[in-house]
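The values are calculated or read from the model by the stated rules, or taken from the named source; none is laboratory data. Computed from a predicted model, the values in this text were never measured in an experiment. Note that each Cβ is placed from the backbone with ideal geometry, even for glycine, and that neighbours are counted across all protein chains shown. For the accessible areas, the whole protein counts, side chains as well, though only heavy atoms, and no ligand, DNA or RNA atoms are used. Shrake-Rupley method; radii C 1.70, N 1.55, O 1.52, S 1.80 Å.
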Amino acid sequence: MTLLGWLQILLFFALVLAVTKPLGLYLFHVFEGPTQPLPKVLGPVERVLLKLCGVDPKREQTWVQYTLSLLAFSLFSVLLVYLLQRLQHVLPLNPQGFAAVGPELAFNTAVSFTTNTNWQAYGGESSLSYLTQMAGLAWQNFVSAAAGVCVAVALARGFTRRPGPEGQKTLGNFWVDLVRGTLYVLLPICTVYALFLVSQGVLQNLAPYRELTTLEGVKQTLAMGPVASQEAIKMLGTNGGGFFNANSAHPFENPTPLTNLVQLFSIFAIPAALTYTYGKMARDTKQGWALFAAMSVLFFAGVAAAYAAESQANPAVAAAQVAQAGNMEGKEARFGISASALFATVTTDASCGAVNSMHDSFTALGGLVPLVNIQLGEVIFGGVGAGLYGMLVMVVLAVFIAGLMVGRTPEYLGKKIEAKEMKLSMLYVLIFPLVILGLGAVAAVIPQGVSSLNNAGPHGLSEILYAYSSGTGNNGSAFAGLNANTPFWNISLGLAMLAGRFLMIIPVLAIAGSMVGKKTVAPGPGTFPTNGALFTGLLVSVVVIVGALTFFPALSLGPLVEHFLGQAGKVF
Amino acid sequence: MTASSKPASLFEPALLKQATLDSLRKLHPRDVARNPVMFVVWAGSLLTTVLVVRDLITPGPAATPVWFTVAVTLWLWFTVLFANFAEAVAEGRGKAQASSLRKMRKDTLARRLVDGREERVPAPNLRKDDLVVCEAGDLIPGDGEVVEGIASVDESAITGESAPVIRESGGDRSSVTGGTKVLSDRIVVRITADPGESFLDRMIGLVEGAARQKTPNELALHILLVGLTVVFLLACVTLVPLALYSGVKLSGTAVVALLVCLIPTTIGGLLSAIGIAGMDRLLRKNVLAMSGRAVEAAGDVDTLLLDKTGTITLGNRMATELLPLPGVRMEDLAEASQLASLADETPEGRSIVVLVKDTYKMRPRELQAHQATFVPFTAQTRMSGCDLVDPHPRGIRKGAVDAVIKHVEAQGGAVPPALRETAARIGDAGGTPLAVADGARVLGIIHLKDVVKGGIKERFERFRAMGIRTVMITGDNPRTAAAIAREAGVDDFLAEATPEAKMELIRTEQAKGKLVAMTGDGTNDAPALAQADVGVAMNTGTQAAKEAGNMVDLDSNPTKLLEVVEVGKQLLMTRGTLTTFSIANDVAKYFAILPALFMGVFPEIAPLNLMGLTSPYSAILSAVIFNALIIIALIPLALRGVRYRPLGAAALLRRSLLLYGVGGVLVPFIGIKAIDVLLTAAGLA
């Protein structure tokens, strides 16, 4: 580890810290304000869009209506992206003349982009037309991110709304939230962001691929396309689905150290800001900062571990008497160890999944960090919206486990946490072990699963666990080393992504629906404080314990065993 | 109360014997199935037992040595037994407490009135609305209401108070409790509860594990525990194929051991004992609760409505000062006050005599020596005093200031303005002025004051620290009320309280989302008792009040409300601490068992064996033994409840997290290592 490496990490965090309050306030105005920003310019657009869809913006929805709207919209999205892929050979904007995508892969990709996962079992530049990329994938990058924010805002409303005497049953209107999130937040920022990326050398054209002869005299095809526009939302919406197969390691996606920093920053920007928005909604910004602090502690723990692990020389390479400045395998020389370790941590803290280095080539412990980050539920800032609602479920658990110790039945923000919320939270918590461990266990013993592995032994197990963790966690990054484009993997991962998105969103919205009508008691000296350092510490422990206790046995057979075997000179 | 064996030892031998038998009886699947966490342990034990049998029948090169499987199996069964034992001990203690109350109402023969004729029936056969006759010497056969007659009743069996009380039809003193004894006269009692539905019967139900319904918070906690159990079940079951991939063949025994150690058996095994013990603690304070829900609600109470009289003040006003008018000698006022009060048996009267004697060193004199006649207080005169003949005829009076003024003016006396001024000053300070007159001459004023109970202020401070607001309810005027409220340190007061005003106050508080607790005894308290979240009715109160509330205090002591709140808080805190402890324990258990499982195939992971346990077998066995023993070790804590501390929530949480969270991580590291050392020393490694 070097001082310069740490300075990069600290600079990145300082930027995130700086944007949290202003962007958080902006989001608060967008979703909760009486009037939205830029009423003259964007207001009419919003009204026309809602009118076209026949939505009355004043009509709020109950949690069931809200959930059904979201599910209906998602089903429509899956079908749209599926059909675009299946029919791309007859649709325009296909200069390379790519054929239709096969049914399993098209299903996998449609699910992947609808669930904000962006798991890519395909190579973008070698199989998708520009239309599919833009109208299918980039479109989903926007709306799946906005849908995540909708769920977070709805849950926040559930906790923070104070019901009147007749009780409160509604959580807002999904369609209104979806339009506002896209129109006021994602689109304007991405417009500026994409222009910045173009200025740094990111591609933005609809041209056919170019044939070039390199200095060495070899013929090379350079892929082209509308990259910058997709790249911006890929990061800001924590989507992570690269235009190119190499993702942010590709120089046309992420050409300079500056774009690398901005890409990292844009992953955390909205998730961090949402904590402030939440505090604002709770009428106590310290509530939001407590969540921010818990996320920050976990972020620094992860990045320190990953950076330290990657700074170690690979014992196998060291044995070959090669001088190394740490583990550079699978990393871009222009980013180096610090920025690669940081990128791997950030992209898995959030459910982004973009990569600028190959996680498969990390040391055993270095690769453990992204895996654990995902398995903790991607609550370390997390996906846009998904991070906040995931963390709030952890808050419910923390409040319940420790809250009794103050001699009152558990309450959060003055609302009681009762059997119903506990049931829903446990359903949420169960999805991860059920899907990741369940499918992982199946894949580890059946030939359809094991045959896709490039590596044997514990490293192969890490690849399996990573794939299902990434799918269920809606992360989308790959450990690589696993040929996921087989019917078994496409379908099982598709199911994992669906479960990880919707089976978790439904209980979250149900919690929101159950909480929103509860009476609020003003906090006093006798109530459990959830806005201080003590609570932050408790929350961190609960996140770690719930995650670690669940996955520790499986991890000990994967990265942990690999680490100790590696120390003893055994490689896979 | 007869059962005032209050600080009974936690483990009486007879109780333990019964509990041991009960814990075996509770191995029945029907009983175990009530607790899903322990059911998993039970099923796991059964599975390893089958494995033991298999290994014994087909002895071959078993993957694991038979002694190991046998040892793990035994300790798994012990785990179930220990949890059963905890519940049985709690139940036993509760039942012992309740049965001493119940015993009284058996063997009684009731005299039931049917169409005007009496017939003898055993008390348990009485139904609601039966009429029974009780005469001097009879035990009252069941809870009921006096519908005819008046009698003195000895309630010492219930309250421990030896002085008999009057029970009469109509009014606020009509309620009688089964098991109390009529000392004089004859009453007809209407039975108000069917057998099995009286307060006592319900309370007994609350301390019996089998019949007990889970309280709302207990249910929520249960869901958490079941959820965690399913998570660990998934983690352990999937570990088998994952290990198989890695070339590790896990034995059934080892997987069951890992599962049992990980699922929250500590809190799962003690949860029902904690609940029963909470009810039992309440019972020991002579409070009967209608439901466990009410006890939990007591822990949540935000606002306490406390009647001034009897709870905050001693109940009677006491003379604290004599204030002579200008030109009157103190001795004259003191003498007149004493004479006017000597025959006055009211507490106020007695307090005047005591004040004069103690402060003004004037010994009481014999009234007869002065040929005095006592003039008692009446509602018309609102004065009392005495008329003397010797040495010269005098009429001495004390009483309400306006009454005395009228009395003096009627005899042609003048009233100096200083009298009214002094009276107003006392009134402002929350006291009651009593004017004293000798014939047509006003001498001065006796200052009567409500005396706040000792220690009550400190007690309210404790509640304030916990965020509980205290509101004093009194019929006094606002000035008086404010002064007493200030002195007692309550947060707020409701003066000139009517039942309607009280009800309104409860509603307003509840509308703000607060939980309200109160005590009451009269029929006019009933609506408020029903509206309050915790309503403690006095046993001496009316049947209506008792039915409206959700608890009954057998001692009829309004201060008990404070203790009820503490019991509720203690119950919740005990659950919280043991849950935290139980979950924190898992960290160490992982480090004991996981290296042991994989060390055979991957000896390189030895560094994960943080505790340096001797062998894989001793490691797993030590974790299982620790897991079982910790249940036994925590039974006393579960039964007594964690000590309740009047700290703010933040301080309390910091303390508990340190003790039970951090402690919960560390203790098993030490415990498991110690057991491993012992096992190694015993050659079992």
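For a Förster distance of 25 Å, can you work out the FRET efficiency between the beta-carbons of A:T213 and A:N245, rounded to the nearest 0.05?
Once rounded, the FRET efficiency stands at 0.65.
Suppose R0 equals 60 Å; then what is the FRET efficiency for B:E421 and B:A14 from their Cβ-Cβ distance, rounded to the nearest 0.05?
According to the calculation, E is roughly 0.30.
Could the peptides B:482-495, A:121-134, A:266-279 be put in order, highest first, of the mean number of other beta-carbon atoms found within 10 Å of their residues?
Ranked by mean Cβ neighbours within 10 Å, highest first: A:266-279, A:121-134, B:482-495.
Rounding to the nearest 20 debye, state how big the charge dipole of chain B is about its Cα centre with +1 on each Lys and Arg Cβ and -1 on each Asp and Glu Cβ.
Result for chain B is approximately 1740 debye, rounded to the nearest 20.
From other protein chains only, count the Cβ atoms within 10 Å of every residue's Cβ in B:548-559, then give the mean.
That works out to 0 on average.
Testing the spin-label approximation: label points 7 Å from Cα along Cα→Cβ at A:R162 and B:R441. State their distance in nm.
That separation, rounded to one decimal, is 6.5 nm.
Cβ under 15 Å from A:F13's Cβ, A:F13 left aside: what net charge do those residues give with Lys, Arg +1 and Asp, Glu -1?
Taking every other residue near A:F13 into account, the sum is 0.
For B:L56 and A:A320, what does the FRET efficiency come to when R0 = 51 Å and r is the distance between their Cβ atoms, rounded to the nearest 0.05?
E(calc), rounded to 0.05, equals 0.40.
If you count, for each residue, the other Cβ atoms within 10 Å and average over each peptide, how do B:594-607, A:409-422 line up from highest to lowest?
Highest to lowest by the protection proxy: A:409-422, B:594-607.
If packing is taken as the average count of other Cβ atoms within 10 Å, what order do B:355-361, A:335-341 fall into, highest mean first?
Final packing ranking: A:335-341, B:355-361.
Any idea of A:W289's accessible area? Nearest 10 Å², probe 1.4 Å.
80 Å²
Consider a paramagnetic label point 7 Å from the Cα of B:R34 along Cα→Cβ; state which residues of region B:169-199 have an amide N under 18 Å from it.
Hits in region B:169-199 for B:R34 at 18 Å: none.
For A:F252, B:F581, write out the residues from largest to smallest accessible area, computed with a 1.4 angstrom probe and no ligands counted.
I get A:F252, B:F581, largest accessible area first.
Taking a cut-off of 28 Å between Cα atoms, list the lysines near B:K361, but don't count ones fewer than 8 places away on the same chain.
Within the straight-line limit of under 28 Å, B:K361 reaches these lysines: B:K398, B:K449, B:K453.
Please compute the net charge surrounding B:L258, taking Lys and Arg as +1 and Asp and Glu as -1 over other residues with Cβ under 14 Å from its Cβ.
Residues near B:L258 contribute 0 overall.
Using a 1.4 Å probe and ignoring any ligands, DNA or RNA, find the accessible area of B:D201 and quote it in Å² to the nearest 10.
Result for B:D201: roughly 40 Å² accessible.
Mind running the shape call on region A:259-319? Use the C-alpha gyration tensor, a ≥ b ≥ c as the square roots of the eigenvalues: rounded below 1.5 for a/c, prolate if a/b tops b/c, oblate otherwise.
Since a/c reaches 1.5 but b/c is at least a/b, the shape of region A:259-319 is classed as oblate.
For A:518-525, what's the mean count of beta carbons from other chains sitting within 10 Å of each residue's beta carbon?
Average per residue, whole number: 5.
With +1 on each Lys and Arg Cβ and -1 on each Asp and Glu Cβ, how big is the dipole of the protein assembly as shown about its Cα centre, in debye rounded to the nearest 20?
The dipole magnitude comes to about 540 debye.
In whole Å, what are the extents of region B:127-194 along the principal axes defined by its C-alpha atoms, from largest to smallest?
In descending order, the Cα extents are 29, 22, 21 Å.
Report the one residue of A:L128, A:S199, A:A14 whose Cα lies farthest in the direction of the positive end of the charge dipole of chain A (charges on C-beta: Lys and Arg +1, Asp and Glu -1; origin at the Cα centre).
A:A14
Nothing charged except the Cβ atoms of Lys and Arg (+1) and of Asp and Glu (-1): what's the magnitude of the dipole of chain A about its Cα centre? Round to the nearest 20 debye.
For chain A, the charge dipole is close to 1720 debye.
How big is the A/B interface in buried accessible area, both sides summed, 1.4 Å probe, to the nearest 100 Å²?
Chain pair A/B: roughly 5100 Å² of buried accessible area.
Considering the Cα positions of the protein assembly as shown, please state its Rg to one decimal place and its Dmax as a whole number of Å.
Here Rg and the maximum Cα pair distance are 38.5, 143 Å.
Among A:L413, B:G327, B:L443, whose Cα sits farthest toward the positive end of the charge dipole of the protein assembly as shown (+1 at Cβ of Lys/Arg, -1 at Cβ of Asp/Glu, about the Cα centre)?
A:L413
Compute the length gained on full extension between A:T256 and A:V192: take 0.36 nm times their separation in residues and subtract their Cα-Cα distance, giving the result in nm to one decimal.
21.3 nm
Residues of region A:181-213 with backbone nitrogen within less than 19 Å of a virtual label 7 Å along the Cα-to-Cβ line of A:L222, please, listed as ranges.
Counting backbone N atoms under 19 Å from the label point, the list is A:197-213.
Compute the relative contact order of chain A as a whole-number percentage, counting only Cα pairs closer than 8 Å that sit 6 or more residues apart in sequence.
20 percent
Within 10 Å of each Cβ in B:605-614, how many Cβ atoms from other chains are there, averaged over the peptide?
2
Note down the nm distance, to one decimal, between modelled labels 7 Å out along Cα→Cβ at B:S152 and at A:K286.
6.1 nm
Tell me which trypsin sites (Lys or Arg not before Pro) from region B:604-668 have a DSSP coil assignment and no more than 10 other beta carbons within 10 Å of their own.
B:R643
Which residues in region B:410-442 place their backbone N less than 12 Å from a point set 7 Å from the Cα of B:M362 along the Cα-to-Cβ direction?
B:436-438
Which aspartates and glutamates, on any chain, are close to B:K406 with Cα under 16 Å apart, when same-chain ones fewer than 8 places away are left out?
Cross-link targets: B:D438.
Taking 8 Å as the Cα distance limit and 6 or more residues as the minimum spacing, I'd like the relative contact order of chain B as a percentage.
14 percent
Measuring from label point to label point, each 7 Å out along Cα→Cβ, what is the B:N125 to A:K58 span in nm?
According to this spin-label approximation, the distance is 7.2 nm.
Using 0.36 nm per residue, how much length does the chain from B:E496 to B:L658 gain when fully extended, once their Cα-Cα distance is taken away?
Full extension from B:E496 to B:L658 adds 53.6 nm.
Have a look at chain B and give its Rg and Dmax from the Cα atoms, expressed in angstrom.
Cα-based Rg and Dmax for chain B come out at 33.8, 119 Å.
By its C-alpha gyration tensor, with a ≥ b ≥ c as the square roots of the eigenvalues, how is region B:316-451 shaped: rounded for a/c under 1.5, else prolate for a/b larger than b/c, else oblate?
Because its axes are fairly even, with a/c under 1.5, region B:316-451 counts as rounded.
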